[in-house]
Amino acid sequence: MSRLCLILACLASLAAGLYFSAGLTVRLELSARADPAGPAAARLAGVELMTAVLALLFVVGCALILRGGWKALVERTDIALARVSAHTAGAAVAPEQGGDEIDRLARALDAVATQLACGLADGERLSRHALEQERFAVRSLEFIYRACASLAGNNASAPWLTALLEDMLDCLQARCCSLALFEQVAEGLGVPEALGAPRLARLLDEFDAESLARSGGLRRSDSGPDGEIVELAVPVRDAGETYGVLIVEAPGDFLFESRHRRLVDAVAGLFALSLGNLQRNQRRRRLALMDERNAIAGELHDSLAQALSYMKLQIARLQLEIGRNCDACEPSGRVLEISGEIKNGLDSAYRHLRELLSAFRTSMPPGGLQQALREVVEELSARAGTEISLDFRLGDTPLSVNEEFHLLQIVREALTNVIRHARADHALIRLERSPEGEVVVQVEDDGRGIAPDSGGEGHHGLSIMRERARQLSGSLTLAPGADNTGTCVEMRFRPRAVPT
């Protein structure tokens, strides 16, 4: 701008000089005409030369102004438009230094174009983030739908829980997902205490499920053999009870955003809802069966037990009267022998009835069959001093409440025989599932043994055990134990929930 002003000032001076020289030339020409030989003629030649030089400089100045105008109005405008086009295409052009209006306009356009480019990049980033969130939301909804459908149609078995963990792993795109249950919950449902897809989380090597759940969960970063990892533990609980903890392990660069935490919390809630419903249903079924059995026991006690007690008293009176008043009846006579057999039969029937009443009044703990067997083992071991071991391998085998009660009573009766009659030092209870799907129960001891062809003598309670096995559509056999020492009681049956 200053250069343009300088040129204009010079042109103005040249114009003024031309005007002055023109006026001077006119006066000198008039003087020269009046006196051709005078000094005005000589001065006229110098003024004309000066006028020509000024005119040349004026023309050059005008040419420079025209050239500058062309450059400013045409060329530099084209450059500015090209720069705008370049920014529109996504290029980043640094503005050139300059001080005139065109340069300032170009720099302003560059700044606006740069802001637009940044806004466009932010918009693309937000669009990608929104698309990824939409995909995650779709995966989450599909997973929750499958989980709810699976909850409605399945019991809490190990394969079912593992399949849900695998779906959750695919939805979160994490490294592994694990479910750790409390011991009593796992025993009650017949599933392992820890499940993982595709493996158990490393967090379970340092903490147990109860400590993680009671502390309200955990979130931390740690280093492992595969590099940095991020771990998130969420308690599995409902309004009234805690069942375990759900653990997610992801790579170190994984960001647990609020959407991921909400999904993990929702899955933990679904697990808690399912486990709680299953436990409550099992408890209701057990309570209903216990109420029914207590009612039957009460009816037996009020009717048959009273009648048998009365008949035992009457037989005792009959034997006493026969011994006092019947002179023809010798102590070894048939009358006393027959009355003795009747009394023995009544005693055996009364004892069986008392055993049935005791079995009917037996309760099942919340932990299910495995917890009940442990309590029986602890009770009888402490009472008799016999070392009793339990090998429970039924896992997630589906058993009804009635089947659990029959198994418990068969094992209790077999252990009672071991303590009363076998004089054994060790006993082993083994429950497992055969490849054919049958449940196999074995009670083996190292005592003095019992004849394999024993026909169910009352003092051994074999008839009751065989009757229970028959009610389960199974079979009960006796055989010598390992190395022909002691006795092995084996019962086999197929649960009703297992297809043939």
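Worth a mention:
- Charge tally in the Cβ shell below 14 Å around residue 258, where Lys, Arg are +1 and Asp, Glu are -1, residue 258 excluded: +2
- For region 168-216, the Kirkwood estimate of hydrodynamic radius, built from reciprocal distances between every pair of different alpha carbons, is 11.6 Å.
- Taking a sphere under 12 Å around the Cβ of residue 217 and counting the other residues whose Cβ falls inside, with K and R at +1 and D and E at -1, yields a net charge of +3.
- Treating each Cα of region 173-289 as one equal point scatterer and applying the Debye formula with no solvent, the log10 of I(q)/I(0) at q = 0.11, 0.13, 0.16 Å⁻¹ comes out as -0.37, -0.50, -0.73.
- Residues 125, 466 arranged by fewest to most Cβ contacts within 10 Å: 125, 466
- Region 104-182: projected area of the alpha-carbon convex hull, averaged over directions, in nm²: 7.7
- Taking trypsin sites (Lys or Arg not before Pro) across region 199-263, the ones in a DSSP loop with at most 13 further Cβ atoms lying within 10 angstrom of their Cβ are 199.
- All other residues whose Cβ lies under 11 angstrom from that of residue 230 are scored, Lys and Arg at +1 and Asp and Glu at -1, for a net of -2.
- When the GluC sites (Glu not before Pro) in region 120-164 are filtered for DSSP coil states and for at most 14 other beta-carbon atoms within 10 Å of their beta-carbon, no site remains.
- Per residue, the convex hull spanned by the Cα atoms of region 368-500 amounts to 101 cubic angstrom.
A short reminder: the numbers here are calculations on the coordinates, not readings from a lab. Since the structure is predicted, the reported quantities are computational estimates derived from the model, not experimental observations. Note that each Cβ is placed from the backbone with ideal geometry, even for glycine, and that neighbours are counted across all protein chains shown.
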